[in-house]
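Enquirer: Dropping the structure in here first, questions after.
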Amino acid sequence: MSDNPEVDQLKERIEQTRAELGETVEALAAKADVKARATGAVHDAVDGAKAKVHELADSARGTVAGAKDKVVGAKDAALEKAADARDAVKDKAVGAKDAALEKAADAKDTAKGKVSGAKERVVDAKDKVAEVGTRPWGHPGDLDAPDAEGALVVVEERPAGLDRRLQAALFATAVGAVIGAIIVWVSARRRS
């Protein structure tokens with residue numbers, strides 16, 4: 001440094017001006033370099049686009065994951081509803097089967113009772129036929145039965161050697177017995 005402070009100040013100002021001038025020249029050179037500025041702008045745009053792509057990809061991944069979770073949840077809910085419906089149908093089918101089996105058992109019991117009653121009536125009728133067949137039947141008054149149930153006529157196969165007159169007589173007797181039974185039945189119905 002010199003002995004004169006003004007010279008030192010002047011040197012300092014010159015140095016400062018040179019530094020400022022260097023910065024200004026650099027700025028002007030940067031502005032004048034169109035290729036470098038375009039390349040910078042391209043790099044900035046590419047970097048911005050890459051950042052936007054990454055941001056959109058992350059957002060899409062989140063959306064896809066959310067949609068996947070919703071689909072899985074909907075699938076699970078649908079499977080659960082289907083299982084509940086299957087169980088309900090199965091329960092109703094079992095209930096219907098049990099009701100049908102119960103009705104079938106009741107019908108079977110009713111049929112057994114009716115068959116048993118019919119068997120008893122057939123046995124009673126056979127006994128009455130056997131009893132009636134052993135008594136001589138002399139006049140139509142014999143058609144009146146004490147219980148007014150009617151008469152039963154059994155026509156069996158013709159025995160060998162039976163002539164036509166006997167057949168006609170038996171047929172006429174059977175027809176008369178049926179007519180008499182109908183008359184007894186009608187009169188009994190009128191009384192009750």
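What follows is calculated from the coordinates using simple rules that are stated; it is not laboratory data. Since the model is a prediction, treat every value here as computed from it, not as a measurement. Reconstructed Cβ throughout: ideal geometry from the backbone, glycine too, with neighbour counts over all protein chains shown.
Enquirer: Using the Kirkwood radius over C-alpha pairs as Rh, can you work out the diffusion coefficient of the stretch 5-77 via Stokes-Einstein at 4 °C, viscosity 1.567 mPa s, in µm² per second?
Expert: 73
Enquirer: For the stretch 24-126, restrict the atom set to alpha-carbon positions and state the Rg and Dmax in Å.
Expert: 43.0, 143
Enquirer: Please give, to one decimal in nm, the separation of the simple spin-label points placed at Ser192 and Glu55, each 7 Å out from Cα toward the Cβ.
Expert: 10.2
Enquirer: Moving on to the next point. Only four residue types carry charge here, +1 at the Cβ of Lys and Arg and -1 at the Cβ of Asp and Glu. Report the dipole size of the stretch 11-82 about the Cα centre in Debye, rounded to the nearest 20.
Expert: 320
Enquirer: What ranking do Ser187, Ser192 get, fewest neighbouring Cβ atoms within 10 angstrom at the top?
Expert: Arranged by neighbour count, lowest to highest, Ser187, Ser192 become Ser192, Ser187.
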